[in-house]
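Chemist: Below is a structure I'd like to ask you about.
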Amino acid sequence: MSSAVVRIEQFEKAERGEIFGDDADPFGVVGVGLTWQSKREHFAVRRAGRLVAHTGLITLPISVGAVRAEVVGVGGVAVAPDHRGQGLARLVMAAALEHARTLGPQHGLLFCRPPLVPLYQGLGWHELQQDVRVEQPGGPVTMPLRSMWTPLHDGAQWPAGPVHLLALPM
């Protein structure tokens, strides 16, 4: 089966429907009550014309301690239920991170439900042990999901200090 990663223009309701059908909460995050922002760049796998895997990216401002920088936010990681276990998450994540390395920031950042932490650790991500503040329409809140980072360049280490994503989460 073909598993070439391609760029797509968007990952909105129609594209999510190709992967998840009519699931109203495919990422299991509706209950956390956050406002999310869309990714700007999208990496996907299609099989027989159907979208079966996706990862999205967006560059966002962040502060860690006294340091202000940018991170590449990773989100919308999705694999159709009938295509799981075939390495597609690894494939779309690898393509997205390869591109992320060209964008300049030293780190990738993602948020996930606790059961997904081992999946992302297997893909080279590290769990942040401190809380992460994220922006919301009513002001900053503590991210209720697990926060994970990955280096985008050799030698990149996560800096010490309180973490504040200076934007809506991705």
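The values are calculated or read from the model by the stated rules, or taken from the named source; none is laboratory data. Since the structure is predicted, the reported quantities are computational estimates derived from the model, not experimental observations. Note that each Cβ is placed from the backbone with ideal geometry, even for glycine, and that neighbours are counted across all protein chains shown. Ligands, DNA and RNA are stripped out before the accessible areas are found, and what is left, the full protein with its side chains, is counted by its heavy atoms. Shrake-Rupley method; radii C 1.70, N 1.55, O 1.52, S 1.80 Å.
Chemist: For the chain, which whole percent of the accessible surface, found with a 1.4 angstrom probe, sits on carbon and sulfur atoms?
Modeler: Numbers: 4350 of 8430 Å².
The computed percentage sits at 52.
Chemist: Taking the Cα-to-Cβ direction at Gln10 and at Ala160 and moving 7 Å from each Cα, how far apart do the two end points lie in nm?
Modeler: Modelled inter-label distance: 4.6 nm.
Chemist: Please work out which option in [x] 79, 35, 25; [y] 49, 36, 28; [z] 48, 33, 31 gives Cα extents along the principal axes in Å calculated from these coordinates, and answer with its label.
Modeler: Label [y] holds the value from this structure.
Chemist: Sticking with this one: List the GluC sites (Glu not before Pro) within the range 2-58 that DSSP assigns to loop and that have no more than 13 neighbouring Cβ atoms inside 10 Å.
Modeler: On the way: sites: Glu9, Glu12, Glu15, Glu18, Glu41; in loops: Glu9, Glu12.
Loop-located and lightly packed - Glu9, Glu12.
Chemist: Which one, His99, His42, His107, has the greatest fluctuation when you compute a Gaussian network model over the chain with C-alpha springs under 10 angstrom?
Modeler: His99
Chemist: Now a separate question. Probe of 1.4 angstrom, ligands and nucleic acids ignored: what's the accessible area per residue over the range 27-90, in square angstrom?
Modeler: Numbers: 2800 Å² over 64 residues.
Per residue, the range 27-90 has an accessible area of 44 Å².
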